[in-house]
């Protein structure tokens with residue numbers, strides 16, 4: 001009985017130590033992509049209003065969407081988490097139509113709601129695509145969360161990188177094919 005109690009106490013202390021230590025992976029997106037170089041950048045405007053500056057980072061030139069990369073958005077205005085999530089879902093649905101079920105989109109909406117934050121002018125959110133894993137999201141100071149779903153990662157980054165992107169000029173500038 002005493003050995004069992006000691007064993008349970010040791011396991012409990014180990015679990016507390018693991019939780020207190022936080023995630024074992026990178027604290028900043030550059031730790032995920034130490035060799036990353038800027039592939040391209042652009043500004044998103046909507047009806048003349050500056051929304052965000054986007055920058056695409058990759059260790060591969062020319063850009064290879066099958067390799068790890070980071071998409072960094074520096075916001076020029078305040079936007080709620082709910083708006084960011086809903087706009088992302090709307091764009092995924094626009095790009096892929098009925099490819100993803102309403103249930104799948106609701107699951108992704110819940111995952112993004114758990115990871116994304118409200119942003120203010122000057123805030124930065126960076127999504128990192130990780131082949132074979134999915135994606136991680138960071139702000140300027142910390143890891144916000146990881147979504148281990150490759151299908152989500154492909155659909156999410158398609159918002160900016162798919163040839164059918166809503167802003168083709170922004171896409172081309174990110175890819176470095178247009179100045």
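Hand me the list of strands (runs of 3 or more DSSP E) wholly inside region 108-179 holding 1 or more residues that are surrounded by fewer than 19 Cβ atoms within 10 Å (Cβ to Cβ). Hits in region 108-179: 124-130, 143-147.
Do we have residue 38 as closer than 23 Å to residue 148 by Cα, modelled with pLDDT of 80 or more and part of a strand (DSSP E or B) here? No; evaluated as a whole, the condition is false for this residue. Residues in region 68-81: is at least one touching a strand residue (DSSP E or B) at 6+ places or on another chain (Cβ under 7 Å) and either exposed (fewer than 15 other Cβ atoms within 10 Å of the Cβ) or part of a helix (DSSP H, G or I) (or both)? Yes, that holds for at least one residue.
The values are calculated or read from the model by the stated rules, or taken from the named source; none is laboratory data. Bear in mind that the values here come from a model prediction, so they are computed numbers and not experimental data. Neighbour counts are summed over all protein chains in view; Cβ atoms, including those assigned to glycine, are modelled from backbone coordinates with ideal geometry.
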